[in-house]
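What follows is one structure encoded as structure tokens, with my remarks underneath.
The values are calculated or read from the model by the stated rules, or taken from the named source; none is laboratory data. All values derive from a computational prediction rather than experimental measurement. All Cβ positions, even for glycine, are placed from backbone atoms using ideal geometry, and neighbour counts span all protein chains on display.
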Amino acid sequence: MKKWTLALLGAILALGITACGDKGATGATNAEKPADTQTENAPAVSADELLTKMAEASQKMKNFAMDATINQNITVAQGDQKQEQKVDISMKADFSKEPFGMYQEMKMSMPGQGEQDIKQYISKEAIYTQVDGEWVKLPDEMIGDMVKQMEESAKIEAQMEQFKSFSKDMKVAEEGDKYVLTADLSGDGIKELAKNLMNQSGSGEDAQTQALIEQMDIKNVKVTYAVNKESFLPLQSDVDMTMEMEQDGQKISMDMVMKSSFSKHDEVGEIKVPQEVLDSAQ
């Protein structure tokens, strides 16, 4: 059970990181909705135009902060036996693209296993992780792949081209000073989009992750994403996903809700590893 929980968590977090600059577009694959029902009251911008402006704004953005909560309910059934696992995650992160750097705090709660607090500094030169109050410097051979994944996740131009291919199936509404992009997705296209996103972020190169995605039957994904009407920078996003998969005679089902908010656009500044972390790291 723990193996599948961690594997699924890794896949979901990778998708979340990949879409941090463009989450509103993660939902672009419901071909069953007619294009002429995009929105009841047409806003000043179409979905295609909004995606273009989001990509341009996010590309120029040098740094930002993100807060997220992830709630997962996972059920593993085999024969007459069934196990249920609830995973709750809260995460806060500061992200800088120029120069590259990231600081994140994550709290993960799993019944029967208590809570785990993780803090992490990531730069091109080193990665420092604090678990159970102790700072550890990750081996140098692990740095390259992780940094590549984080950096690639910020390059959203290619992702936007994929999303724009399905823009006719999205809805755009105006709410005060925000544009809200929504999508209710189903069908095989979701899996293909997920695979492409993970491959672009670098996370899909892992053999276990690739195998996991291939076996996923994503039943439904609902996305709501808000951006500022003037700057087109991200403000918040909600993702609700239901999926199933089978492996080694086990049937696994999962419901996940991920809520994110974005702030401090170009206000985070350079992220440096504190001296006390450098001094105490093992």
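One table, with the values for the structure above:
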{"quantity": "Flag for Glu141 being over 19 Å from the mean Cα position of the chain (by Cα), in a helix (DSSP H, G or I), modelled with pLDDT of 80 or more and not hydroxyl-bearing (Ser, Thr, Tyr)", "calculated": "yes"}
{"quantity": "Segment 240-282: number of residues that are over 30 Å from Lys124 (Cα atoms) and aliphatic (A, V, I, L, M)", "calculated": "7"}
{"quantity": "Count of residues meeting criterion [within 20 Å of the chain's Cα centre (by Cα) and either among the hydroxyl-bearing types (Ser, Thr, Tyr) or part of a strand (DSSP E or B) (or both)] in segment 246-282", "calculated": "11"}
{"quantity": "Tabulated pairs, segment 89-103, first charged (D, E, K, R), second at pLDDT 85 or above and not in a strand (DSSP E or B), C-beta under 8 angstrom, 6+ apart or interchain", "calculated": "Asp94/Lys264; Asp94/Val268; Asp94/Ile271; Lys97/Met61; Lys97/Lys62; Glu98/Lys62"}
{"quantity": "Met150 more than 19 Å from Ala281 (Cα to Cα), hydrophobic (A, V, I, L, M, F, W, C) and under 23 Å from the mean Cα position of the chain (by Cα)", "calculated": "yes"}
{"quantity": "Residue match in segment 151-161 (condition: under 30 Å from Asp184 (Cβ atoms) and at pLDDT 90 or above)", "calculated": "no"}
{"quantity": "When residues of segment 60-85 are limited to those that are loosely packed, with under 14 Cβ neighbours inside 10 Å and of a type in the set (Lys, Arg), the one nearest to the chain's Cα centre (by Cα)", "calculated": "Lys60"}
{"quantity": "Selection count, segment 232-259, where residues are under 21 Å from Ala47 (Cα atoms), hydroxyl-bearing (Ser, Thr, Tyr) and modelled with pLDDT of 90 or more", "calculated": "0"}
